[in-house]
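What follows is a single structure, written as structure tokens, with notes after it.
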Amino acid sequence: MYICVPFKMIDQATIDRILDAAQIVDVVSEFVTLRKRGVNYVGLCPFHNEKTPSFSVSPSKGLCKCFSCGKGGNAVHFIMEHEQLSYYDALRFLARKYHIEIKERELTNEEKQAQSFRESMFIVNQYARDYFQHILKDHIDGRSIGMGYFRQRGFRDDIIEKFQLGFSIDERDAFAQEALRKGYKQEFLIKTGLCYEAEEGKLRDRFRGRVIFPVHTLSGKVVAFGGRILSTENKKLAKYVNSPESEIYHKSNELYGIFFAKQAIVKQDRCFLVEGYTDVISMHQSGIENVVSSSGTSLTPGQIRLIHRFTNNITVLYDGDMAGIKASIRGIDMLLEEGMNIKVVLLPDGDDPDSFAKKHNATDFQAYIAEHEVDFIRFKINLLLKDAKKDPIKQAEMIGDIVKSISVVPETIMRDVYIKESARLLNLDQKLLVTEVAKLKEKQAEKSNKTPAEQSAPDITEEPAPADEAYQSFIPQGGEEGREFYKFERLILQMIVRYGERVICCIPDENEKERNITVIEYVHYDLKSDDLSFHNPLHIQILTEAVEHIHNKDFVAERYFIAHPSADIAKLCTELASERYQLSKLHSKTQKIFTEEERLLEIVPMLLVNFKSAIIKEEMKHIARALQDPDIYNNIEKCNNTMHRFKELHEVLKAIEKKEGDRVVLR
């Protein structure tokens, strides 16, 4: 069988037509009730629960934003967030809405090769899903054995269809032979893990004799399978078998049920975490859809980040298996470290989420959770107290375990609350816990070797740079957001996003003809002349792309970056386009108030000067600190070199400050 892979992406001209057609009020009003307020519209935010409207839609800017949770963007970003779609899928969604024909560009050979391999694996998985579903519904063994199992579990037909459940008959190579006969390549049957190669070189079905649970990506593609055996004759066979890791499947980055749960998680602003496939399915059937499973393993950082994309609140549902609970709570510290709010619900003895969901409807289930959920730290303390009892050694270990959990919480206020609550429950002096948490925090800082300030400090033992290289010698590696220069870097980037294609001045070219210089070109050449660059990787990427596109016909920086395929770039540029900075009163030298666009030739150079000045001052601070180091001031050569460097920077700073006039300041 020839596998046809779509070697195309939506071209920029089509994207522009979609953006032109997609009116923000029209798009948002399909999901949110809007009412006019001045020149804008307001409504209740669809991304979190609220009673007072804080979601604003601006027809003139083509942007929406919630001033409570901060989510928003243009029409594409709204659809991406609301429908949980990728950038290009959101464009296709809007293209269908406005009856726009999608025109796509050809991929490069490298893009084709990479996409061909991955898409071929997805296509094989799609075929396997359809095959297993067909066997479940139409094969005699599927109907009697597979469907019999699902019926016994109480699953309705619509739920079986929704989760695309299937069955694989108990023959060594039934699926493999059918797939090969259909033309699917052996290479991809093995790569996806659907089959494996036996010693004699023949293909064998990995999931034979099992009911099948497809695992979906966030966008709904089948990325893997889980299979549960039904026969109990062979005790050596594992109860569950899962697809092995592959180019498209990394278990640590996937959550079972996330595709079906994502919209409910956003709407409810909460995610329920359970253990197995059937727990997720039964809760869906009972009406609770904001639920995912880690598939019987401890949570991983990738899975946590996946949940954190949709909510900050997670509730873990446990059955009465104490051994399982103790094993799984070790992974919950990672949730605390991410700053998430964690609740725990212990279900009645003998019940797991699957069985409990079958006995209760959604309302009763939610009521039970609301009544019995407790904060994770409290739950952990109560659990460990049962084990420690009067054993002093176990009690000390328990206190250490609790302190370790508290120490990873990033929010200072939340840590303080946990310390007070833990001291009360453990009947301990609060100061003791404060001290122990502080010790652990200090160890964690030592483990990372250096503070951000230390990491960013220049190596003053090196030969000092000449004066004309003064700007490039200080390149911070971390913690930039708190520094003065970062403020100006962001303001310069704001000018690029808002006015990048605008002409700021004219200069003579090689033929003595006037040549227009745009804001993007001015910033690029000015930084390049001093061998400087931005420090934030996103800022660097934005400036690089702006320079690459500035000579493209009809290029508009704000439009281009707000509609960027990278969600991080699009979000940042949406914020920059929406923000306003306020000019100092020192600028009001006349009665006429000029707009920022009219004053670009004044504002942009001044921001660049301030940016350079702030970098120089930052390095001088580090050098002044270094001169207090005994290793420096007791070494004549090092001390002289350091002081020489300080003097050079001071001279450069004086030259810069001569250019400084009134400043552009943040509101």
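The values are calculated or read from the model by the stated rules, or taken from the named source; none is laboratory data. Everything numeric here is computed off the predicted structure, so don't read it as measured data. Quick reminder, even Gly has a Cβ in these numbers, built from the backbone with ideal geometry, and neighbours come from all protein chains shown. The accessibility values were calculated without ligands, DNA or RNA, using every heavy atom of the protein model including side chains. Shrake-Rupley method; radii C 1.70, N 1.55, O 1.52, S 1.80 Å.
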Close pairs (6 angstrom Cβ cut-off, 6 or more residues apart or separate chains): more than 11 Å from residue 569 (Cα to Cα) in region 529-541, exposed (fewer than 15 other Cβ atoms within 10 Å of the Cβ) and of a type outside the set (A, V, I, L, M) anywhere: 531/472
Residue within region 456-466 that is in a helix (DSSP H, G or I) and either at pLDDT 50 or above or open to solvent by 70 Å² or more (accessible area, probe 1.4 Å) (or both) present: no
The lone exception for residue 196 - which of (1) assigned to a helix (DSSP H, G or I); (2) free of Cβ contacts under 8 Å to residues at least 40 places away in the same chain it fails: (1)
Any pair with Cβ under 9 angstrom, 6 or more apart, that starts in region 8-23 at a residue that is open to solvent by 50 Å² or more (accessible area, probe 1.4 Å) and among the small types (Gly, Ala, Ser) and ends at one that is assigned to a loop (DSSP other than H, G, I, E, B) and modelled with pLDDT under 80: 13/103
Sole exception among (1) in contact with a Phe, Trp or Tyr (Cβ under 9 Å, 6 or more places away or on another chain); (2) closer than 29 Å to residue 279 by Cβ; (3) not in a helix (DSSP H, G or I) for residue 170, by number: (1)
